[in-house]
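One structure below.
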Amino acid sequence: MRSQRVVEHKVGMGDVAPDFTLPSQSGEMVRLWDLLAQSSVVLYFYPKNETPVCTVQACAFRDSYEVFTKAGAEVVGISSDSTGSHSRFASNYRLPFILLSDRRREVRRRYGVPNTMGTLPGRATYVIDREGIVHHVFSSQFNAARHVTEALSILQKLS
C-alpha cells in the first residue's frame, strides 16, 4: 500500500476548504463536508488541550456557542491530542462543540497552519460557508479570544 503524501497549501480566503475525516472526542468519524451540508463551519486549529491559552480559546467559543449556532455555524476544534484527551477536555470545560483528533497533523499541514517559533503548532481559525468556501482566516498564537470575535463578525456579515 502506498502512503499518501499530504500536500501543504496555505488555505486562504476564497479557497475551497480541503475536505477531511477525523475522529471526534466520542470516537465518531466526522467529515467536514458532511457538516457543511448542514451549516457553515468555524474550524479552529489549536496547539494542545488543557494549556492556558487553548483553554481560554475553547471557553470563549463555548461562551459564544449559542450565538454561533443562531448564526448558522457549527464550531469545530482540531489539535493533535488523542480522542481521550479531547473527551476529558470537553468534559472539564463543558465544551458543547466537536473536537477532532489530527494525531499525525495531516489536516493541519493540508491547511498550511503555520508553526510558531518553528515547533509550536500554530493557532488559526477558518470561517467556511455551506458551499465550502473559506471566507476568513485568522491566525494569532496568543490572542485566543480574538479568534471568536473575528469569526462572529464574519458570520454576521454573511447572514
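Numbers below:
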quantity	calculated
Qualifying helices (runs of 4 or more DSSP H) (wholly inside region 29-77; at least 3 residues being in contact with a strand residue (DSSP E or B) (Cβ under 8 Å, 6 or more places away or on another chain))	32-36, 52-63
Test result for R2, at pLDDT below 95, outside any helix (DSSP H, G or I) and farther than 19 Å from D129 by Cβ	yes
Selection count, region 116-129, where residues are assigned to a loop (DSSP other than H, G, I, E, B) and either within 12 Å of S79 (Cβ to Cβ) or at pLDDT 95 or above (or both)	4
Hits in region 104-115 - residues which are out of contact with any strand residue (DSSP E or B) (no Cβ under 8 Å at 6 or more places or on another chain), touching a residue at least 40 places away in the same chain (Cβ under 8 Å) and basic (K, R)	R109, R110
Conditions (1) over 14 Å from E106 (Cα atoms); (2) part of a loop (DSSP other than H, G, I, E, B); (3) open to solvent by 50 Å² or more (accessible area, probe 1.4 Å); (4) not hydrophobic (A, V, I, L, M, F, W, C); number of the one not met by K10	(1)
Count - residues of region 46-64 that are within 16 Å of E150 (Cα to Cα) and either open to solvent by 80 Å² or more (accessible area, probe 1.4 Å) or touching a helix residue (DSSP H, G or I) at 6+ places or on another chain (Cβ under 6 Å) (or both)	7
Qualifying residues in region 116-131 (those that are touching a residue at least 60 places away in the same chain (Cβ under 8 Å) and open to solvent by 70 Å² or more (accessible area, probe 1.4 Å)) - the one farthest from the chain's Cα centre (by Cα)	E131
Pairs where the first residue, in region 19-30, is of a type in the set (D, E) and the second is exposed (fewer than 13 other Cβ atoms within 10 Å of the Cβ) and in a strand (DSSP E or B), C-beta under 8 Å, 6+ apart	D19/R31
Of the criteria (1) more than 13 Å from the chain's Cα centre (by Cα); (2) part of a helix (DSSP H, G or I); (3) at pLDDT below 95, which one Q141 fails	(2)
Residue match in region 78-85 (condition: part of a strand (DSSP E or B), aliphatic (A, V, I, L, M) and buried (at least 17 other Cβ atoms within 10 Å of the Cβ))	yes
Criterion (open to solvent by less than 30 Å² (accessible area, probe 1.4 Å) and in a loop (DSSP other than H, G, I, E, B)) met by exactly one of V134, V113	V113
Some residue of region 92-103 being free of Cβ contacts under 8 Å to residues at least 12 places away in the same chain and part of a helix (DSSP H, G or I)	no
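The values are calculated or read from the model by the stated rules, or taken from the named source; none is laboratory data. Just so it is clear, the model here is predicted, and its values are computed rather than measured. All Cβ positions, even for glycine, are placed from backbone atoms using ideal geometry, and neighbour counts span all protein chains on display. For the accessible areas, the whole protein counts, side chains as well, though only heavy atoms, and no ligand, DNA or RNA atoms are used. Shrake-Rupley method; radii C 1.70, N 1.55, O 1.52, S 1.80 Å.
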